[in-house]
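Asks: What follows is a single structure, and I will ask about it in a moment.
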């Protein structure tokens, strides 16, 4: 059985009160999204990160550190919320 991993990173993170996307905030010198990607790589080489808010900025930062990560931009107008993110990414 092959495993595909979808990491949801589309939120605005408004409660962070920061211009930096929530998933790029660092803990112990590493972005929160990097921790999720590292853990996912232990399970699979098929990793998709779902983005929306500041998508280009997040994608650029992650591409500096990782190869082989797939990115999907959420269609938030037609597929809102967490369930919508999964559905727009093609997960059923």
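Asks: What number of residues within the range 19-28 are loosely packed, with under 13 Cβ neighbours inside 10 Å and either closer than 18 Å to residue 59 by Cα or in contact with a helix residue (DSSP H, G or I) (Cβ under 6 Å, 6 or more places away or on another chain) (or both)?
Replies: 2
Asks: Tell me yes or no: at least one residue of the range 35-42 is over 11 Å from the mean Cα position of the chain (by Cα), crowded, with 17+ Cβ neighbours inside 10 Å, outside any strand (DSSP E or B) and without any contact (Cβ under 8 Å) to a residue 40 or more places away in the chain.
Replies: Within the range 35-42, one or more residues are over 11 Å from the mean Cα position of the chain (by Cα), crowded, with 17+ Cβ neighbours inside 10 Å, outside any strand (DSSP E or B) and without any contact (Cβ under 8 Å) to a residue 40 or more places away in the chain.
Asks: Filter the range 55-78 down to residues that are at pLDDT below 90 and under 13 Å from the mean Cα position of the chain (by Cα) and give me whichever is surrounded by the fewest Cβ atoms within 10 Å (Cβ to Cβ).
Replies: 73
Asks: Under 7 Å between Cβ atoms, which residue pairs at least 6 apart in sequence (or on different chains) link something in the range 3-14 that is at negative phi and at pLDDT 90 or above with a partner that is part of a loop (DSSP other than H, G, I, E, B) and surrounded by fewer than 17 Cβ atoms within 10 Å (Cβ to Cβ)?
Replies: Filtered contacts from the range 3-14: 3/43; 3/44; 4/44; 5/43; 5/44; 6/91.
Asks: Would you confirm, using the coordinates I've provided, whether residue 31 is at pLDDT below 95 and buried (at least 17 other Cβ atoms within 10 Å of the Cβ)?
Replies: Judged against the criteria, residue 31 is not a match.
Asks: When residue 83 is evaluated against the numbered criteria (1) modelled with pLDDT under 90; (2) surrounded by 11 or more Cβ atoms within 10 Å (Cβ to Cβ); (3) part of a helix (DSSP H, G or I), which criterion, by number, is the only one it fails?
Replies: (2)
The values are calculated or read from the model by the stated rules, or taken from the named source; none is laboratory data. Computed from a predicted structure; not experimentally measured. Counting neighbours? That spans all protein chains shown, and the Cβs are built from the backbone with ideal geometry, glycine included.
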